[in-house]
Amino acid sequence: MKKEYVPFVEELIELAVKEDIGDGDHTSLATIPADACGKMQLLVKQDGIIAGIEVARMVFDRLGGVVFDQRAEDGARVRCGDVAFCVEGGIRSLLQAERIVLNIMQRMSGVATQTAEYVKLLEGTRCRVLDTRKTTPGMRVLDKMAVRLGGGENHRMGLFDMILLKDNHIDFAGGIAAALAAVRRYLSDTGRRLPIEIEVRSLADIDEVFAAGGADRIMLDNFTVEMTREAVRKIAGRCEIESSGGIRAETMRAYAECGVDYVSVGALTHQIRSLDMSLKACM
């Protein structure tokens, strides 16, 4: 896990604990003696890419009193029947962690599995799959981690780590040239060094971007495959190129073969199926 991700993950776990446990797990408090110990295992019930083991360990550490025996690595391909890890310790802690861990790992593994499917579609090209900001609020760091574990790459984490001039920014700022000039003044005035990406909606927009000084990356928004080929001819060697908007599994390889560097796919994180798994007692 990247060092910069840790504070986000710790805050998310703390919120999940408060949300689920509140003033106490009264079912476990009523039925399980305080000193009772037991063992559970994370059983994979569907083939895919496993993700979130490292986060699960942090959940168990937060709730305390367990020994974590890891059997699989984050990002590994798993099959139905595989055991990802075993945990042993206070039963109350195990039961309190159960749903939090499953919610995190099932979603992360679903994202990683879907990402791996998209990455496979681009094998043999130099194009890479990017995620977007279309994530569950508060859980973005987990979605971004899962994309990487599935073989994809992260775009920006949020609004703070990249300049991305999209259509609304450009329209409100008064056009491409005005928007780029304003960004350069802002970066100079604030002493920030952030990459600049700009969205274009037509082939003519590309010429306008370069006339205004260019950018680090140009995003081709809702271009057809034919338009993308022409755009690549205009841009190649001058900056990075990203295709975005309405790209589906059935069409993404055609975009990649146009010569773009990246294809960004919102579906990686907002149209996913969680991977089936369970956390069960070992008797």
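In table form, for the structure just shown:
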item: Residue in the stretch 55-69 that is within 28 Å of Gln114 (Cβ to Cβ), in contact with a Ser or Thr (Cβ under 8 Å, 6 or more places away or on another chain) and not basic (Lys, Arg) present; result: yes
item: Failed item, numbered, when Arg193 is tested on (1) under 27 Å from the mean Cα position of the chain (by Cα); (2) of a type outside the set (A, V, I, L, M, F, W, C); (3) surrounded by 13 or more Cβ atoms within 10 Å (Cβ to Cβ); result: (3)
item: Every residue from the stretch 156-190 that is more than 30 Å from the chain's Cα centre (by Cα), over 30 Å from Glu4 (Cβ atoms) and not hydrophobic (A, V, I, L, M, F, W, C); result: Gly174, Gly175
item: Among (1) over 30 Å from Gln114 (Cβ atoms); (2) open to solvent by less than 30 Å² (accessible area, probe 1.4 Å) - the single one Ala182 does not satisfy; result: (2)
item: Residue pairs meeting the criteria (Cβ under 8 Å; at least 6 apart or on separate chains; first within 14 Å of Lys280 (Cα to Cα), in the stretch 96-114; second polar (S, T, N, Q) and in a helix (DSSP H, G or I)); result: Gln96/Ser28
item: So Ile176, is it out of contact with any Gly (no Cβ under 9 Å at 6 or more places or on another chain) and more than 30 Å from Glu123 (Cα to Cα); result: yes
item: Single condition Ala249 does not satisfy, out of (1) open to solvent by 30 Å² or more (accessible area, probe 1.4 Å); (2) out of contact with any helix residue (DSSP H, G or I) (no Cβ under 8 Å at 6 or more places or on another chain); (3) not basic (Lys, Arg); result: (2)
item: Residue match in the stretch 41-49 (condition: more than 20 Å from the chain's Cα centre (by Cα) and more than 22 Å from Val111 (Cβ to Cβ)); result: yes
item: Odd one out for Phe172 among (1) at pLDDT 95 or above; (2) open to solvent by less than 60 Å² (accessible area, probe 1.4 Å); result: (2)
item: Total residues in the stretch 163-178, condition touching a residue at least 12 places away in the same chain (Cβ under 8 Å), in contact with a helix residue (DSSP H, G or I) (Cβ under 7 Å, 6 or more places away or on another chain) and of a type outside the set (Val, Ile, Thr); result: 2
item: Wholly within the stretch 31-142, strands (runs of 3 or more DSSP E) carrying at least 2 residues that are modelled with pLDDT of 95 or more and surrounded by 18 or more Cβ atoms within 10 Å (Cβ to Cβ); result: 37-44, 83-90, 128-130
item: Conditions (1) over 28 Å from Ala236 (Cβ atoms); (2) touching a residue at least 12 places away in the same chain (Cβ under 8 Å); number of the one not met by Arg133; result: (1)
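The values are calculated or read from the model by the stated rules, or taken from the named source; none is laboratory data. Values in this document were obtained by computation on a predicted structure and should not be read as measured data. All Cβ positions, even for glycine, are placed from backbone atoms using ideal geometry, and neighbour counts span all protein chains on display. Remember, those area values only see protein heavy atoms, side chains included, never the ligands or the DNA or RNA. Shrake-Rupley method; radii C 1.70, N 1.55, O 1.52, S 1.80 Å.
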